[in-house]
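A short reminder: the numbers here are calculations on the coordinates, not readings from a lab. Since the model is a prediction, treat every value here as computed from it, not as a measurement. Positions of Cβ are generated from backbone atoms using ideal geometry, with glycine treated the same way; all protein chains shown enter the neighbour counts.
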Amino acid sequence: MPLSSYSYNLATAALTPILAGFPGKIVAIDGRPGSGKTTLGRYLAWHFNVSLLETDLFLKDGQGFSYHLDHLERMIAQRTERPLPVIVDGVAIRWLLDSIGLSADFTIYCVNSGPTSGNSPFDHVVVYETKYRPDETSNLVVELSH
């Protein structure tokens with residue numbers, strides 16, 4: 001079985017009890033740029049028939065890692081208040097959720113062993129990883145490959 005298929009199976013098995021009954025849970029997918037977060041998120045959203053919010057879509061044009069936080073917060077609240085689960089993916093996702101006063105109920109950290117892996121060119125990511133240690137503190141760490 002290819003590495004990514006194995007990792008996808010790990011993620012679905014881990015999330016099945018978390019999402020049983022469709023509670024208003026927040027599942028966060030974290031990882032460096034190009035690690036496969038969004039691809040995994042799209043698969044999990046399809047598999048569990050839930051919403052995926054791709055935080056890249058909330059970036060302010062030309063402003064680096066600056067987000068339209070009010071829009072992101074409103075979108076998450078609309079789903080979790082119903083209550084419905086939502087999957088949110090993004091670089092430094094815990095920092096982003098902290099910025100809007102939310103936390104994830106379950107966090108997946110993606111590590112990529114493919115050609116896009118390596119050191120991040122973004123200081124923001126290095127500071128985040130030092131503070132949050134997502135590779136050690138996430139509920140699940142999955143290795144993906146491209």
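Rounded to the nearest 500 deg cm²/dmol, what is the calculated helix-only ellipticity per residue at 222 nm for the chain, with -39500 (n - 2.57) per DSSP H run of length n ≥ 4?
Values: 6 runs with 62 residues, N = 146.
Calculated from helices alone, the mean residue ellipticity at 222 nm is -12500 deg cm²/dmol.
Given Cβ point charges of +1 (Lys, Arg) and -1 (Asp, Glu) and nothing else, what value in debye, to the nearest 20, does the dipole of the chain about its Cα centre take?
On the way: 11 positive and 15 negative charges, 54 e Å.
My answer is approximately 260 debye.
Rank Pro23, Thr107, Gly36 by how far each Cα sits towards the positive end of the charge dipole of the chain (+1 on Lys, Arg Cβ; -1 on Asp, Glu Cβ) and give me just the farthest.
Projecting each Cα onto the dipole axis, the largest value belongs to Pro23.
Report for the chain the percent antiparallel among DSSP-assigned beta bridges with both residues inside it, nearest 5. It would help to have the intermediate numbers written out before the result.
Details: 1 of 19 bridges.
Bridges in the chain that DSSP calls antiparallel: roughly 5 percent.
Could you pull out which residues in the stretch 38-70 have an amide N less than 11 Å from a spot 7 Å beyond the Cα of Phe22, following the Cα-Cβ vector?
What the label zone holds, given the 11 Å backbone N cut-off, is 49-51.
For Lys25, Lys60, what's the fewest-to-most ordering of other Cβ within 10 Å of each Cβ?
Numbers: Lys25 20, Lys60 11.
Sorted ascending by nearby Cβ count, the order is Lys60, Lys25.
Rounded, prolate or oblate: pick one for the chain, where a ≥ b ≥ c are the square roots of the eigenvalues of its C-alpha gyration tensor, a/c under 1.5 means rounded, and failing that, prolate if a/b is larger than b/c, else oblate. Walk me through the numbers before you get to the answer.
Working: a/c = 1.68, a/b = 1.04, b/c = 1.62.
It comes out oblate by the Cα gyration axes.
What share of all Cα pairs of the stretch 31-83, in percent, falls into each consecutive 5 Å distance bin?
Cα pair-distance distribution for the stretch 31-83, in percent: 4, 17, 21, 24, 22, 9, 3.
For the peptides 33-39, 137-143, what is the packing order when you average, over each peptide's residues, the other Cβ atoms within 10 Å and list the highest mean first?
Numbers: 33-39: 20.7, 137-143: 18.0.
Descending packing order for the listed peptides: 33-39, 137-143.
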